[in-house]
1. Quick check on region 126-135. Is at least one of its residues modelled with pLDDT of 95 or more, touching a Gly at 6+ places or on another chain (Cβ under 7 Å), of a type in the set (Lys, Arg) and in the same structural domain as Ile94 (by TED's automatic domain parsing)?
2. Any residue in region 76-91 that's within 13 Å of Ile20 (Cβ to Cβ): show its pairings with residues that are aromatic (Phe, Trp, Tyr) and modelled with pLDDT of 95 or more at Cβ separation under 6 Å, as long as the two are six or more apart or on different chains.
3. With away from the ligand (no atom under 14 Å from the Cβ), of a type in the set (Val, Ile, Thr), free of Cβ contacts under 8 Å to residues at least 40 places away in the same chain and in contact with a helix residue (DSSP H, G or I) (Cβ under 6 Å, 6 or more places away or on another chain) as the only criterion, which of Ile215, Ile158 stands out?
4. Against the definition (more than 10 Å from the ligand (Cβ to nearest atom), open to solvent by 80 Å² or more (accessible area, probe 1.4 Å) and either under 22 Å from Lys11 (Cα atoms) or among the acidic types (Asp, Glu) (or both)), how does Arg73 come out, yes or no?
5. Write out, first by first residue and then by second, each pair whose Cβ atoms fall under 9 Å of each other, whose residues are 6+ apart or on separate chains, and whose first residue, in region 233-251, is without any contact (Cβ under 8 Å) to a residue 12 or more places away in the chain while the second is among the acidic types (Asp, Glu) and outside any loop (DSSP other than H, G, I, E, B).
6. Touching a residue at least 60 places away in the same chain (Cβ under 8 Å), more than 9 Å from the ligand (Cβ to nearest atom) and buried (at least 22 other Cβ atoms within 10 Å of the Cβ): does that describe Ser56?
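The values are calculated or read from the model by the stated rules, or taken from the named source; none is laboratory data. Computed from a predicted structure; not experimentally measured. So basically every Cβ, Gly included, is an ideal-geometry build from the backbone, and we count neighbours across all protein chains shown. When the accessible area is computed, the model is the full protein with side chains, heavy atoms only, and any ligands, DNA or RNA have been set aside. Shrake-Rupley method; radii C 1.70, N 1.55, O 1.52, S 1.80 Å.
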Amino acid sequence: MIIFKSINKLKKKVNFKANIGFVPTMGALHKGHISLIKSSKLKCQKTLVSIFVNPSQFNKKNDYKKYPRKLNRDIKILKKLRVDYLLIPKVSDIYKNKKNMKIKISKNDKILCAKYRPGHFEGVLAVIKQFLSKINAKYMFLGEKDYQQIYLIKKFIINKFNTKIIPCKTIRLKNSLAYSSRNFLLSKIDIKKASSISKIIKRFYLLTQKNFKNIDRINDLKNKIKSQNIKIEYLEIRNKINFSKKINKSNFKIFISFYIKNIRLIDNF
Ligand code: AMP
């Protein structure tokens, strides 16, 4: 595995005429990341992973500071997976000035995480722009755990970059809680609690798939979660294609953001 600490060096050394798969991450790797890497390895000649805790997508300084960082462990995992290239850039390598650190999103898109984490996706789009302007990958692998992120990145890069997005399914712990780097910040008891929330929502999702009228019981679902002493940031059902509230049996998706202690988790079913 070749490790690059500078994106310009990577641009010079990597042959982007080859079929390259790009997997951007913030590190603290888990089975979710590993599944994206495996998908890239299956589809592409070479796989490039980046580890970059992007400051501009954190709307709280303390959250950025506390974000789990496990670089040595991550490098071992990536070597074992036989990843071809790893990019670990510094903040100053990616952003030459403050102006580059945000890309505006439309008012209509300021829903769910975009509403409750102001500036978050603006930072995500900014880093994607910096990456793709130097990394001419054929494919970029993104996880459906961050479903709204895929929607906004797709919308942003269309007509700007040639890279095609490959959405990958959410990988879960024992079929319930989605793997997340933030799970490293939770105790065993917290993980159990978070898993039970995933199970409750999944059950609601399956029932609604069978009988769409069940959707009217969304407030019961909210109350059930709240009764477990969980603070919900949002729990909404939206159209999975265009994020509108026009939903039917085949296009609905449940989105949740909630807190376990002060750790914010998101999921969708
Ligand atoms: P992150 O390191 O959290 O920025 O995530 C890097 C990539 O991994 C993003 O495309 C995420 O959507 C994806 N990802 C994170 N968790 C999971 C998961 N449990 N299953 C599948 N993909 C995931």
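1. no
2. Listed by first residue and then by second, the contacts come to Leu87/Phe4.
3. Details: Ile158 fails: in contact with a helix residue (DSSP H, G or I) (Cβ under 6 Å, 6 or more places away or on another chain).
The conditions single out Ile215.
4. So Arg73 does not fit the description; no.
5. Lys245/Glu236
6. On the way: touching a residue at least 60 places away in the same chain (Cβ under 8 Å): yes; more than 9 Å from the ligand (Cβ to nearest atom): yes; buried (at least 22 other Cβ atoms within 10 Å of the Cβ): yes.
Judged against the criteria, Ser56 is a match.
Residues are listed down the side, and each one gets a yes or a no for (1) open to solvent by less than 20 Å² (accessible area, probe 1.4 Å); (2) in a loop (DSSP other than H, G, I, E, B); (3) closer than 14 Å to Leu78 by Cα; (4) small (Gly, Ala, Ser):
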position: Leu10; (1), (2), (3), (4): yes, no, no, no
position: Lys17; (1), (2), (3), (4): no, yes, no, no
position: Pro24; (1), (2), (3), (4): no, no, yes, no
position: Gly27; (1), (2), (3), (4): yes, yes, yes, yes
position: Ile34; (1), (2), (3), (4): no, no, yes, no
position: Ile37; (1), (2), (3), (4): yes, no, yes, no
position: Lys41; (1), (2), (3), (4): no, no, yes, no
position: Thr47; (1), (2), (3), (4): yes, no, yes, no
position: Ser50; (1), (2), (3), (4): yes, no, yes, yes
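Matching residues to (1) in contact with a strand residue (DSSP E or B) (Cβ under 7 Å, 6 or more places away or on another chain); (2) more than 25 Å from Asn8 (Cα to Cα); (3) in contact (Cβ under 8 Å) with a residue 40 or more places away in the chain; (4) within 12 Å of the ligand (Cβ to nearest atom):
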site: Asp93; (1), (2), (3), (4): no, no, yes, no
site: Ser106; (1), (2), (3), (4): no, yes, no, no
site: Leu112; (1), (2), (3), (4): yes, yes, yes, no
site: Gly123; (1), (2), (3), (4): no, no, yes, yes
site: Cys168; (1), (2), (3), (4): yes, yes, yes, yes
